[in-house]
1. Regarding A42, is this residue in contact with a His (Cβ under 8 Å, 6 or more places away or on another chain), at negative phi and outside any strand (DSSP E or B)?
2. Scan (1) more than 18 Å from S126 (Cα to Cα); (2) in contact with a helix residue (DSSP H, G or I) (Cβ under 6 Å, 6 or more places away or on another chain); (3) of a type in the set (S, T, Y) for the single condition S91 breaks and write down its number.
3. Can you tell me which residue among L144, L85, L110 is crowded, with 16+ Cβ neighbours inside 10 Å, over 16 Å from N4 (Cα atoms), among the hydrophobic types (A, V, I, L, M, F, W, C) and in contact (Cβ under 8 Å) with a residue 60 or more places away in the chain?
4. Picking from G342, G269, G255, which residue would you name as being out of contact with any Phe, Trp or Tyr (no Cβ under 6 Å at 6 or more places or on another chain), closer than 28 Å to A212 by Cβ and small (G, A, S)?
5. Quick check on D309: is it outside the structural domain of G168 (by TED's automatic domain parsing) and over 30 Å from L6 (Cα atoms)?
6. When residues of the range 1-39 are filtered for being assigned to a loop (DSSP other than H, G, I, E, B), farther than 23 Å from T106 by Cα and charged (D, E, K, R), how many remain?
7. Report yes if N244 is assigned to a helix (DSSP H, G or I) and either without any contact (Cβ under 8 Å) to a residue 12 or more places away in the chain or crowded, with 21+ Cβ neighbours inside 10 Å (or both), otherwise no.
8. Could you check, for the range 306-313, whether at least one of its residues is of a type in the set (F, W, Y) and out of contact with any Asp or Glu (no Cβ under 7 Å at 6 or more places or on another chain)?
Amino acid sequence: MTGNILVTGGAGYIGSHACVALLEAGFRVVVVDNLCNSHPLALQRVQDITGLPLIFEQSDIRDRTAMDELFARHDIAAVLHFAGLKAVGESCEKPLLYYENNVSGTVHLLQAMQQAGVRRMIFSSSATVYGFPDSMPVNEATPLAAYNPYGRTKQMIEQILGDLCSSGAEDHWQIALLRYFNPAGAHESGLIGEDPHGIPNNLLPYVAQVAAGRLEWLPVFGDDYPTPDGTGVRDYIHVQDLVNGHLLALRKLLGLAVGETFCRAYNLGTGKGYSVLDMVKTFEQVNGVKVPYRMMPRRDGDVASCWADAGRAREELGWEPQKDLSAMLADSWHWQRKNPKGYRQ
């Protein structure tokens with residue numbers, strides 16, 4: 001293939017793992033990241049893992065001039081779009097920041113792509129677009145009903161991308177919308193992983209930091225849900241399985257005929273639900289550590305259960321998750337032990 005793969009947000013948790021997968025698969029990688037919630041050391045470690053170089057452009061996708069210049073400097077074949085703010089609670093406190101960063105930033109990126117004649121994108125979406133689904137498992141036909149500003153930014157971007165694909169005969173966009181469930185784990189080397197700023201928003205880094213003694217105890221929000229043990233149930237997927245889904249989606253787009261319009265959503269999840277207490281107890285068993293926790297009242301906006309039907313990704317992309325829950329939890333702990341302060345040593 002000629003051309004580079006542009007990875008927006010490539011220094012972040014999922015983006016850095018995607019860079020490893022792309023480089024190991026023989027692609028040339030250009031990363032753009034403003035480092036507002038990531039660290040450049042992640043990109044150095046991507047190169048350490050792979051023994052291969054990448055190009056890093058420190059810039060912001062909201063800066064249209066910078067994006068135009070980036071596309072002019074580099075021959076880009078496709079974009080993997082991870083850049084965006086992702087904390088649900090923060091999005092409720094600062095909705096304008098989320099709409100401006102996630103939605104407006106994506107519009108500027110798409111305008112630069114259109115100007116440069118780049119029409120292939122894989123978008124990092126989220127299962128939050130489904131809101132409070134009526135039944136499980138969730139498939140791609142489940143109505144979209146995001147219930148917080150973060151989720152609404154993902155749903156709005158999906159709508160924008162769908163509108164692009166149906167906008168006319170001259171613009172043949174080819175887009176895959178990947179709806180993640182709950183990414184977890186880290187690269188088996190322990191060199192890259194999830195490094196949240198401040199108090200973690202996601203369960204696994206919080207559990208790992210409590211196990212390591214960085215945090216005193218884990219708050220478990222809600223013990224009265226209609227689930228087997230009363231705590232919320234979620235579908236967790238290893239980050240390396242997740243980025244393999246991106247690689248397969250990219251190959252799908254690159255294999256399409258020139259001039260063929262394509263816009264398709266794919267769930268990426270294991271189809272298995274685990275409660276918060278399942279996760280805590282299994283983490284303790286797999287890693288031989290204790291994770292103190294305290295039961296807390298429910299949080300507004302949390303669904304009781306959510307897990308995926310990923311049959312479309314299996315059938316159309318040939319994607320199948322390979323790593324089980326034990327691997328996710330062992331790799332999370334390996335990363336935490338090797339990097340007790342994350343990238344900020």
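The values are calculated or read from the model by the stated rules, or taken from the named source; none is laboratory data. If you're wondering where the values come from, they're calculated on a predicted model, not measured in any experiment. Neighbour counts are summed over all protein chains in view; Cβ atoms, including those assigned to glycine, are modelled from backbone coordinates with ideal geometry.
1. Spelling it out, it is not the case that A42 is in contact with a His (Cβ under 8 Å, 6 or more places away or on another chain), at negative phi and outside any strand (DSSP E or B).
2. Unmet for S91, out of (1) more than 18 Å from S126 (Cα to Cα); (2) in contact with a helix residue (DSSP H, G or I) (Cβ under 6 Å, 6 or more places away or on another chain); (3) of a type in the set (S, T, Y): (1).
3. Values: L144 fails: in contact (Cβ under 8 Å) with a residue 60 or more places away in the chain; L110 fails: in contact (Cβ under 8 Å) with a residue 60 or more places away in the chain.
Sole residue among the options that is crowded, with 16+ Cβ neighbours inside 10 Å, over 16 Å from N4 (Cα atoms), among the hydrophobic types (A, V, I, L, M, F, W, C) and in contact (Cβ under 8 Å) with a residue 60 or more places away in the chain: L85.
4. Details: G269 fails: out of contact with any Phe, Trp or Tyr (no Cβ under 6 Å at 6 or more places or on another chain); G255 fails: closer than 28 Å to A212 by Cβ.
Checking each option against the conditions leaves just G342.
5. In short, no.
6. So the answer is 0.
7. Yes, satisfied.
8. no
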